[in-house]
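S.K.: Got a structure for you, questions after.
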Amino acid sequence: MTRPADFRESTDALDPARATAFCATLGLDPTILEQGNLPPFWHYLYFWEARPADALGRDGHPKTGDFIPDLELPRRMWAGGDLRFLHPLKLAQPATRKSHIADVRQKTGRSGPFALVEVAHEFWQGDTLCVRERQDLIYRKESVAGAPAPTPPKARVDETQSRTVSFSSTLLFRYSALTFNGHRIHYDRDYCTAVEGYSGLVVHGPLLAQMLIHLAMETIGNITSFQFRATAPLFDFETATLCAAPVEGGLDLWVRGPDGRQNMVATAS
């Protein structure tokens, strides 16, 4: 089979110590790892892209122009994704991630030009396909000082189950470290406010998605699919509510900020 030019493949030993550290970071009981299975979406702790400093962009992410094309749009955000959990990944066993750029779309919105980049991943152990994932990334132009922020959508208030969560700079730093995420919006407050125009440290989209996955598993048990979309940033000084409501075949999930804005929507089954 012919591979696309932007194909990437990497392997990871899935060290159990990293998963144990994640349990401590989120305050979870490490007995959830006793069966040797990596919980859904925890593969994000692995397959680090360790680049030297001169291969990083201003924002701390790897520079575009290698795997991700250079679209001359420097601001990066993880907009959402689609995950299919086919078989559990086993801790302490080598796994392979196979990735390629599935789509690139350049558009113009109210705030100017932006691009949607779709990255497809498959995670294998031996001959078994364990996880299939699509990541939706958004690239935007530089922020303009004093420009008004987009009006976020209002979140639903009809949840049947909810949980209040709060964040700290320590939590965001530890999650960045465990995922080897150098994006400065999560730990460099001066950069967040002066360069990106945010009002505080930005809570990682994947961290919010992970918390919604945990809520879904507590509600309906094991899940085989999860789709999510970020709709507004959440900041480290804010308390949010994780929400769930049953729908046919699964759950609707969302994150509601302290002012009622919708930060993320998701579905799980």
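S.K.: Inside the stretch 158-216, can you point out the residues that are among the hydroxyl-bearing types (Ser, Thr, Tyr), assigned to a helix (DSSP H, G or I) and surrounded by 15 or more Cβ atoms within 10 Å (Cβ to Cβ)? I'd like the intermediate steps shown before the answer.
M.R.: First, the residues of the stretch 158-216 that are among the hydroxyl-bearing types (Ser, Thr, Tyr): 160, 162, 164, 166, 168-170, 175-176, 179, 187, 191, 193, 198-199.
Those still in the list that are assigned to a helix (DSSP H, G or I) too: 169-170, 175-176, 179, 191, 193.
Selection gives TYR175, SER176, THR179, TYR191.
S.K.: Quickly run through the stretch 19-74 and pick out the residues that are within 17 Å of TYR187 (Cβ to Cβ) and among the charged types (D, E, K, R).
M.R.: ARG58, ASP59
S.K.: Got a number for residues in the stretch 240-267 being crowded, with 19+ Cβ neighbours inside 10 Å and either in contact with a His (Cβ under 6 Å, 6 or more places away or on another chain) or part of a loop (DSSP other than H, G, I, E, B) (or both)?
M.R.: 1
S.K.: Out of ARG76, ARG18, I need the residue that is in contact (Cβ under 8 Å) with a residue 24 or more places away in the chain, of a type outside the set (A, V, I, L, M) and under 27 Å from VAL265 (Cα atoms). Which one?
M.R.: Criteria check complete, one pass: ARG76.
S.K.: While we're on this one: Right, PRO88: without any contact (Cβ under 8 Å) to a residue 24 or more places away in the chain and over 15 Å from ILE138 (Cα atoms) or not?
M.R.: Details: without any contact (Cβ under 8 Å) to a residue 24 or more places away in the chain: no; over 15 Å from ILE138 (Cα atoms): yes.
No; evaluated as a whole, the condition is false for this residue.
S.K.: Among the residues of the stretch 52-86, write down those that are at pLDDT 85 or above, within 20 Å of the chain's Cα centre (by Cα) and of a type outside the set (Asp, Glu). Before the answer, list the steps.
M.R.: First, pick out the residues of the stretch 52-86 that are at pLDDT 85 or above: 52-54, 78-86.
Next cut, within 20 Å of the chain's Cα centre (by Cα) only: 78-86.
Once the filter is applied, which keeps residues that are at pLDDT 85 or above, within 20 Å of the chain's Cα centre (by Cα) and of a type outside the set (Asp, Glu), the stretch 52-86 yields TRP78, ALA79, GLY80, GLY81, LEU83, ARG84, PHE85, LEU86.
S.K.: Moving to a separate point now. Within the stretch 223-236, restricting attention to residues that are touching a residue at least 60 places away in the same chain (Cβ under 8 Å) and not in a strand (DSSP E or B), which residue is farthest from PHE167 (Cα to Cα)?
M.R.: Only one residue tops the list, namely THR224.
S.K.: Next question. Working carefully through the options LEU56, LEU33, find the one that is touching a strand residue (DSSP E or B) at 6+ places or on another chain (Cβ under 9 Å) and on the phi < 0 side of the Ramachandran plot.
M.R.: Details: LEU33 fails: touching a strand residue (DSSP E or B) at 6+ places or on another chain (Cβ under 9 Å).
Going through LEU56, LEU33 in turn, the sole match is LEU56.
S.K.: Quick check: anything in the stretch 133-145 closer than 29 Å to MET217 by Cα, among the β-branched types (Val, Ile, Thr), under 16 Å from the mean Cα position of the chain (by Cα) and surrounded by 14 or more Cβ atoms within 10 Å (Cβ to Cβ)?
M.R.: Keep residues of the stretch 133-145 that are closer than 29 Å to MET217 by Cα, which gives 133-138.
This time we only want the ones that are among the β-branched types (Val, Ile, Thr), so: 138.
Next, only the ones that are under 16 Å from the mean Cα position of the chain (by Cα) stay: 138.
Checking the rest, the ones that are also surrounded by 14 or more Cβ atoms within 10 Å (Cβ to Cβ) come to 138.
The answer is yes, given that some residue of the stretch 133-145 is closer than 29 Å to MET217 by Cα, among the β-branched types (Val, Ile, Thr), under 16 Å from the mean Cα position of the chain (by Cα) and surrounded by 14 or more Cβ atoms within 10 Å (Cβ to Cβ).
S.K.: Quick test of your reading of the structure: GLY221 fulfils all but one of (1) at pLDDT below 95; (2) touching a Ser or Thr at 6+ places or on another chain (Cβ under 8 Å); (3) of a type in the set (Gly, Ala, Ser). Name the failing condition by number.
M.R.: Condition not satisfied by GLY221: (2).
The values are calculated or read from the model by the stated rules, or taken from the named source; none is laboratory data. Owing to the predicted nature of the structure, the values given are computational and were not obtained by experimental measurement. So basically every Cβ, Gly included, is an ideal-geometry build from the backbone, and we count neighbours across all protein chains shown.
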